[in-house]
Every structure is written in C-alpha cells, then in structure tokens.
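The values are calculated or read from the model by the stated rules, or taken from the named source; none is laboratory data. None of the values given here were measured: they were computed from a predicted structure. Neighbour counts are summed over all protein chains in view; Cβ atoms, including those assigned to glycine, are modelled from backbone coordinates with ideal geometry. Calculation scope for accessible area: heavy atoms of the full protein, side chains included, ligands and nucleic acids excluded. Shrake-Rupley method; radii C 1.70, N 1.55, O 1.52, S 1.80 Å.
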Amino acid sequence: MAKKPLSTQILITIFLLHIITPIQSQQFSRKLSKNSLGFKKEKLTHLHFYFHDIVTGHHPTAIKVAAAPIANTTRSLFGLMMMMDDPLTLTPEPGSKIVGRAQGMYASADLKELGFLMVLNYYFTEGKYNGSTLSILGRNAALTPMREMPVVGGSGLFRFARGYAQAKTHSIDFTTANAVVEYNVFVLHY
C-alpha cells in the first residue's frame with residue numbers, strides 16, 4: 001500500500017479533530033433538576049426600605065467617578081457617572097436602622113431628561129436575608145413620581161431571583177442633590 005503524502009495526513013488529522021472536539025466540548029454542561037440544588041417551592045417576597053443617596057457633606061455615600069465634557073451643560077447631566085454605597089434603612093429618617101446597602105453605580109444616560117442607568121446590588125445585612133443580594137439593572141427616570149426597574153438576579157436566599165423594584169422619591173434637596181427614595185421590591189425566588 002502506498003504511503004499517503006504528509007499534506008493528506010495533516011488534512012485527515014484536522015478533519016478528525018474537528019469532528020471529535022465538539023463531542024468532547026459538550027461535556028461542560030448537564031441538565032439538573034431543581035431538587036438537586038435544594039430548591040423548594042418558589043416564593044414571592046415583598047421588601048420595603050429607604051435608599052439614602054448622600055452626594056455632599058462630610059460622609060458622602062455616592063461620589064462622581066466620571067463625567068463627559070457635556071455633563072454640566074445639559075439639564076439631564078448626560079454622561080455623569082456615580083459610584084455608590086448607599087444605606088438602606090427601615091424608615092426615611094437618617095438615623096433609622098440600616099438593613100443593607102445599595103452598592104453599584106448609576107449614570108445619566110438620557111440627553112433630554114434626568115434618566116439614570118442603574119447597575120447595583122442591594123446587599124442585605126440584617127435579619128433572614130443577611131448576606132443575600134438582589135441585582136438591579138434598569139432605567140430610573142429620577143424625576144417621575146414612580147419608577148420601575150427589573151430585578152435580574154440575586155445570591156444567597158435570593159438565588160435565581162427575578163422581579164421588579166418600584167422607586168418613589170421620598171425627599172430630595174435640590175441644593176445638595178441628597179435624596180431619600182422609598183423602595184418596594186417584589187421578588188420571586190426559591
């Protein structure tokens with residue numbers, strides 16, 4: 001039997017590797033039942049708290065990390081980006097019991113009105129949900145009476161969470177830009 005040229009052997013090897021590789025790469029996933037992860041019945045939870053966004057004073061909880069050159073020339077502050085670690089409290093008073101933190105960022109993403117892109121975690125530090133988080137990603141038209149943002153996930157007792165957060169401004173100081181926002185969050189989770 002005649003020996004095949006080296007180029008033919010290389011092509012055959014590449015072809016065989018091409019066929020075998022997809023079969024092997026599909027082993028990175030498998031189907032699981034909810035029970036195998038310890039999931040029980042899905043629950044609907046309502047959380048109520050106040051978000052304190054303090055941008056001025058001796059101990060700000062939100063700071064500017066970036067601003068586009070036009071941010072101060074638009075009424076919407078377009079291009080402004082803030083990083084926050086805002087307290088979440090039981091009542092709107094500044095000395096109220098802290099139940100968690102809102103940690104993440106918000107950026108003005110609307111040229112015409114004050115509309116923020118919110119990317120944050122609610123990190124809970126008290127009670128049953130201590131150490132658990134909810135992740136929020138959505139638009140916050142800050143000057144409208146009621147806003148709604150999606151809950152896109154969570155951790156701890158909120159694994160596989162989904163739902164929505166309703167925000168309603170409780171108070172805002174237009175001189176300092178400090179604000180207190182009431183939140184009602186409705187979450188489906190296991």
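Summary of values
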quantity: Chain lengthening between Arg159 and Lys97 when straightened (0.36 nm per residue, less Cα-Cα); calculated: 19.8 nm
quantity: Computed [θ] at 222 nm, deg cm²/dmol, the chain (DSSP H ≥ 4; -39,500 (n - 2.57); rounded to nearest 500); calculated: -3500 deg cm²/dmol
quantity: Cα→Cβ-extended label distance, 7 Å offset, between Thr175 and Phe28, nm; calculated: 5.7 nm
quantity: Using alpha-carbon coordinates, inclination of helix 6-25 to the longest axis of the chain, degrees; calculated: 40 degrees
quantity: Amide H contacts under 5 Å for Phe160, placed H, 5+ residues apart; calculated: Gly154
quantity: Whole-number accessible area per residue in Å² for the chain, which is evaluated in the context of all protein chains at 1.4 Å; calculated: 65 Å²
quantity: Cα gyration tensor shape for the stretch 64-137, rounded if a/c is under 1.5, else prolate or oblate; calculated: prolate
quantity: Charge dipole magnitude, Cβ of K and R +1, D and E -1 - the chain, Cα centre, debye nearest 20; calculated: 1220 debye
quantity: Karplus 3J(HN,Hα) series, Hz, for the stretch 173-190 with 6.51 cos²θ - 1.76 cosθ + 1.60 (x for Gly, Pro); calculated: 9, 6, 7, 9, 6, 6, 9, 10, 10, 7, 10, 10, 10, 10, 10, 8, 7, 9
quantity: Ile63 versus Leu90: modelled label distance in nm, points set 7 Å from Cα along the beta carbon direction; calculated: 3.1 nm
quantity: Leading residue at positive end of dipole, the chain (Cβ point charges), from Tyr164, Asn35, Leu47; calculated: Asn35
quantity: Accessible area of the stretch 79-190 belonging to carbon and sulfur atoms, whole % at 1.4 Å probe; calculated: 61 percent
quantity: Derived scalar couplings ³J(HN,Hα) [the stretch 156-164; Karplus, 6.51 cos²θ - 1.76 cosθ + 1.60; whole Hz; x for Gly, Pro]; calculated: x, 5, 9, 4, 6, 5, 8, x, 8
quantity: Order by protection proxy (mean Cβ within 10 Å, highest first), peptides 148-154, 67-73; calculated: 148-154, 67-73
quantity: The chain: relative contact order in percent, alpha carbon pairs under 8 Å with at least 6 residues between; calculated: 19 percent
quantity: Amide H within-cut-off set for Thr74, under 5 Å, with H built and near neighbours excluded; calculated: none
quantity: Above-threshold pairs, the threshold being 25 Å between Cα atoms, out of Lys64/Lys112; Lys34/Lys128; Lys64/Lys128; Lys40/Lys168; Lys41/Lys97; Lys40/Lys97; calculated: Lys64/Lys128; Lys40/Lys168; Lys41/Lys97; Lys40/Lys97
quantity: Anisotropy class of the stretch 81-180 from Cα gyration tensor, a/c 1.5 cut; calculated: oblate
quantity: Extension gain from Lys168 to Ile12, taking 0.36 nm per residue of separation minus the Cα-Cα distance; calculated: 49.6 nm
quantity: Vicinal HN-Hα couplings computed from phi for the stretch 100-108 (Karplus, 6.51 cos²θ - 1.76 cosθ + 1.60; Hz; Gly/Pro x); calculated: x, 9, 9, 10, x, 9, 9, 9, 6
